[in-house]
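Below is one structure, written out as structure tokens; the observations come after it.
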Amino acid sequence: MSQLDRIYRIDQLLTDRRSATFDYLMGQLEVSRATLKRDLAYLRDRLHAPIIYDRELQAYRFSAEERQAGAQYELPGLWFTAEEIHALLTMQHLLANLGPGGLLRGQIEPLIARLNGLLGSADSTADEIRRRILIAGMGKREYKLEHFERIGSALLRRKRVVIDYFSRGRNERATRTVSPQRLVHYRENWYLDAWCHLRNELRNFSVDAILRVESTNEVAREVTNRTLSAVLGPGYGIFSGQGLEWAQLRFTAERARWVAAEQWHPRQRGRYEADGSYLLEVPYSDPRELTMDILRFGADVEVLAPQSLRERVVGEIGKLARRYTLS
């Protein structure tokens, strides 16, 4: 534990417990007597913390009198980890995009204020952090807030809903009665995992493609988390499908420097080849999203297997070639 970590820990212990003995502090920090003495002296002399030793309690505590008489002391600034910054700013981003209405309603502003307070505990203010660190949401599609509300309400009340859904792939509109199982936020968009009572199987619906939501009082069919993960979770991307296949992708040595550092799937396998190229293997059940991601790399990637995926990618490249061929 660094000195900065110990300083914050001492402040937390004295604030939460009101008082703490020297031995208790030493045990919590797992440091020597000399180290704890130096930390207490640093808090008092350098940071002007109003820490006193109460002889009656035989413990250290903050002096209320000194706090009222002098300026409030400040701990040295923090720097959040990458994960903490991303989590805090993502929460702000999601809350801000929910708008003034919705399930949270009046709770949005207090939550945002609390997040501002957390971010503002660092060296810079929350506004400065947001100005200096950008979370760019690409490919976000708009959805109707009232649809999200009704789906969320039915999801928590465990009720079925009737939805009108536009299937972009088939360019068709269909009506379905579904039992909501979970909402998934993936690549800046919301998806509903639900049991479709017409098809009698689990299906995945893009919330922005839901045109109408009608609430019902029918009890939703329950699907276990294990089943959800087995059907909708193991393959690459957001699309589900029956049966898993493993894609074998070989990236050029130049592109390997990027791909080797990326996570395409939690169960992926990867290794460098003798020529510096990189072989990546990922499981998938529906090839649509995987195909789109492969095409992003152009000539820097080759699909080795399975043959069906290779043919699909070649077919898409052929369409592009025909479209851009100069007459």
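The values are calculated or read from the model by the stated rules, or taken from the named source; none is laboratory data. What you are looking at is a predicted structure, and each value in this text was computed from that prediction instead of being measured. Note: ideal-geometry Cβ built from the backbone for every residue, glycine included; neighbour counts use all protein chains shown.
Observations on the structure shown:
- Answer residue from the stretch 11-48, given it is aliphatic (A, V, I, L, M) and in contact (Cβ under 8 Å) with a residue 40 or more places away in the chain and is nearest to Gln58 (Cα to Cα) among those: Ala20
- Among residues of the stretch 309-323, those that are touching a residue at least 24 places away in the same chain (Cβ under 8 Å) and under 20 Å from Gly243 (Cβ atoms), counted: 2
- Some residue of the stretch 248-255 being small (Gly, Ala, Ser) and either surrounded by 16 or more Cβ atoms within 10 Å (Cβ to Cβ) or outside the structural domain of Pro306 (by TED's automatic domain parsing) (or both): no
- Within the stretch 112-148, if we keep just the residues that are more than 21 Å from the chain's Cα centre (by Cα) and at pLDDT 80 or above, the residue that is nearest to Gln181 (Cα to Cα) turns out to be His147.
- Candidate set: the stretch 173-224, residues that are charged (D, E, K, R), closer than 15 Å to Arg157 by Cβ and more than 19 Å from the chain's Cα centre (by Cα); chosen: the one surrounded by the fewest Cβ atoms within 10 Å (Cβ to Cβ): Glu222
- The set of residues in the stretch 28-61 that are more than 14 Å from Leu4 (Cα to Cα), under 38 Å from the mean Cα position of the chain (by Cα) and surrounded by 12 or more Cβ atoms within 10 Å (Cβ to Cβ) comprises Gln28, Ala49.
- Residue that is under 23 Å from Gly243 (Cβ atoms), under 28 Å from the mean Cα position of the chain (by Cα) and surrounded by fewer than 17 Cβ atoms within 10 Å (Cβ to Cβ), where the choices are Glu281, Glu289: Glu289
- For Ile238, the conditions (1) crowded, with 19+ Cβ neighbours inside 10 Å; (2) outside any strand (DSSP E or B); (3) aliphatic (A, V, I, L, M); (4) not assigned by TED's automatic domain parsing to the domain that holds Val282 all hold with the exception of (1).
- Some residue of the stretch 257-270 being in a loop (DSSP other than H, G, I, E, B) and touching a Ser or Thr at 6+ places or on another chain (Cβ under 6 Å): no
- Residues of the stretch 299-310 that are part of a helix (DSSP H, G or I) and either surrounded by 11 or more Cβ atoms within 10 Å (Cβ to Cβ) or in contact with a Pro (Cβ under 8 Å, 6 or more places away or on another chain) (or both): Asp300, Ser308, Leu309, Arg310.
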